[in-house]
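Structure record follows, encoded as structure tokens.
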Amino acid sequence: MADPHVCQRCALLGPTCCCLEPGSEQGCFPLSETERDRILEALPGEAGAFAREANGPAFVANMKALFPGEEELVARLFPERGFHMRLAVDGRGRCRLLGPRGCVLPREARPHYCRLFPLWPVGRSIQVFAAERCLAWREGRGMRRLLVLLDTTEKSVRELHGRLRLAWGLPPERGLPGAQPPTQAGEKQ
Ligand code: SF4
Ligand code: SF4
């Protein structure tokens, strides 16, 4: 059965996927302007929830690892000496939108990456990130139950992944044409 509170329960137990190791912020996933705007629509006045970050080596390496076989495109989208936007974190590495009972955003306003986590399609399979820290994975004990607990399906995960790819400037599926580089807010500042 789906558990809409599994991430809230995870937040009560300790660090979740919404927390970074202090000092590792550079590796955080990027945020598109569209995703930022959706957050601000849901929570006007949360301008402090975002940070400008350089396209540093750790970030670019993470991005290339997320999209194997598309390294050249990733390098063009996130060039050296460029910048991207990410979620801001506090001194303990906690996302500024993380409340005591989990994310303060309604689900549909969360960044695509947050909505996908811990799932990530790779070819025909679906990978699970940070399984040891994820309460949903520990309770689900397998992909089928994990999808049910998170109230999603493999089809939904793939659709959401396609939207994330588009938001970040990649085609919705590897090899398809039509993607435009995202406008990174950081480049405008
Ligand atoms: S936006 Fe919400 S789900 Fe995403 S990292 Fe922040 S608190 Fe977590
Ligand atoms: S996705 Fe997993 S790690 Fe992230 S808050 Fe939910 S249960 Fe915790």
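The values are calculated or read from the model by the stated rules, or taken from the named source; none is laboratory data. From a predicted model like this one, the values you see are computed outputs, not experimental measurements. Heads up, the Cβs are rebuilt from the backbone with ideal geometry, glycines too, and the neighbour counts pull from every protein chain shown. Protein only, heavy atoms only, side chains kept; ligands, DNA and RNA dropped before computing areas. Shrake-Rupley method; radii C 1.70, N 1.55, O 1.52, S 1.80 Å.
Looking only at the range 1-33, residues that are within 30 Å of residue 169 (Cβ to Cβ) and aliphatic (A, V, I, L, M) come to 2 in all. Could you list, in sequence order, the residues of the range 105-127 that are crowded, with 17+ Cβ neighbours inside 10 Å and either touching a Cys at 6+ places or on another chain (Cβ under 8 Å) or assigned to a loop (DSSP other than H, G, I, E, B) (or both)? Passing the criteria: 105, 110, 111, 114, 117, 118. Looking across the range 1-53, the residues that are of a type in the set (A, V, I, L, M) and over 22 Å from residue 92 (Cβ atoms) come down to 1, 2, 6, 40, 42. Could you give every pair whose Cβ atoms fall below 6 Å, whose first residue belongs to the range 121-143 and is free of Cβ contacts under 8 Å to residues at least 40 places away in the same chain, and whose second residue is surrounded by 13 or more Cβ atoms within 10 Å (Cβ to Cβ) and among the β-branched types (Val, Ile, Thr), counting only separations of at least 6 or pairs across chains? Going by the 6 Å Cβ cut-off, the qualifying pairs are 137/128. When the range 60-73 is limited to residues that are among the charged types (D, E, K, R) and surrounded by fewer than 16 Cβ atoms within 10 Å (Cβ to Cβ), the one that is farthest from residue 8 (Cα to Cα) turns out to be 72. Annotation: of all residues in the range 1-59 being among the β-branched types (Val, Ile, Thr) and more than 13 Å from ligand 2 (Cβ to nearest atom), the one that is surrounded by the most Cβ atoms within 10 Å (Cβ to Cβ) is 39.
Note on the range 66-93: residues that are in contact with a Ser or Thr (Cβ under 9 Å, 6 or more places away or on another chain) and within 17 Å of residue 46 (Cβ to Cβ) total 1.
Checked against (1) open to solvent by less than 10 Å² (accessible area, probe 1.4 Å); (2) modelled with pLDDT of 95 or more, residue 86 passes all but condition (1). Looking only at residues that are more than 17 Å from residue 133 (Cα to Cα) and of a type outside the set (S, T, N, Q) in the range 1-27, which one is modelled with the highest pLDDT? Out of the qualifying residues, it is 25.
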